[in-house]
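What follows is calculated from the coordinates using simple rules that are stated; it is not laboratory data. For clarity, every value in this text was computed on a predicted model and none was experimentally measured. Don't worry about glycine lacking a Cβ; one is built from the backbone with ideal geometry, like all the others, and counts go over all protein chains shown.
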Amino acid sequence: MVELKTDTSIDAMREAGRIVAQALTAAREAAAVGVSLRDLDRAARTVLDEAAAGSPFLNYRPSWAPVPFPAVICTSVNDAIVHGIPDGYRLRDGDLVSVDCGAIRDGWVGDAAVSFTVGRARAEDVRLIRTAEDALDAGIAAAVVGNRIGDIAHAIGRVCRSAGYGIPDGFGGHGIGRTMHEDPGVPNEGRPGRGMPLRHGMVIAIEPMVIGGGTDDHYTANDGWTIRTSDGSRASHAEHTVAITDSGPRILTAL
Ligand code: MG
Ligand code: MG
């Protein structure tokens, strides 16, 4: 069931989203060659603590997870697509890092992700990151009243496929509100004109993921969380929480 949010609730979600943006910025600014993924988590955690915000990631344990998630961000490096656990790994020159973060403020949740390189960037990584961002922009542009979920999915998929990239099946965006994952699901590929009609007050997380090698295949690593590309190629992820309104899409996780 899709819960439509009031304008007042959307304003409250914006405050949660702003904290997510600040935490992602802190994690990104902390990232450098030699810095550990745990240091990035610490930087994000400081932002959440100072904003008196909770984390929907910390101790999150869906039915399939062997252990509760131990951090406030996911850090997915190189062939990791999503859900990487921040550990003692120290970033190396040329690494491609995706950071995903959530925050809870006044009972409302925000969720966003960003990808970037550390040190000297490879040209192919810059293109991969830009494509995920372009797909996110296209998905947001399609998140308008009168469209359907399939229009968002189609917009995202078209950008990723025309760049020649793979799209990991089984992963995508979601409704969001009092909890991190609500209806409807927002696939990263689909048919225009299909699926649920978009209405004023729907709030969704839109989150394209692209696989550089061009296949869609992935596997879960031994830690039970990290999703990696099967071909070992690099992946990129971009995400915003977006409110669908009569005056157009409103990005809630911008700075
Ligand atoms: Mg996320
Ligand atoms: Mg999400």
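Tabulated results
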quantity	calculated
Calculated FRET efficiency for the pair Ala52/Ser247, C-beta based, R₀ 45 Å, to 0.05	0.90
Alpha carbon centroid spacing (whole Å) that separates the stretch 203-255 from the stretch 133-159	13
5 angstrom amide H check on Ala71, placed H, neighbours 5+ away	Asn59
Relative contact order (%) - the chain, alpha-carbon pairs under 8 angstrom, separation at least six	23
Fraction of alpha-carbon pairs over 21 Å apart in the stretch 121-196 - percent	28
Positive minus negative residues near Asp151 (Lys, Arg vs Asp, Glu; Cβ under 10 Å)	+3
Within the chain: Cβ-based charge dipole about Cα centre, in debye rounded to nearest 20 (Lys, Arg +1; Asp, Glu -1)	160
Helical contribution to [θ] at 222 nm, DSSP H n ≥ 4, -39,500 (n - 2.57), averaged over the chain, rounded to 500	-9500 deg cm²/dmol
Burial order of peptide ranges 154-164, 14-24 (average beta-carbon count within 10 Å, highest first)	14-24, 154-164
Space enclosed by the convex hull of the alpha-carbon atoms of the chain, per residue, Å³	109
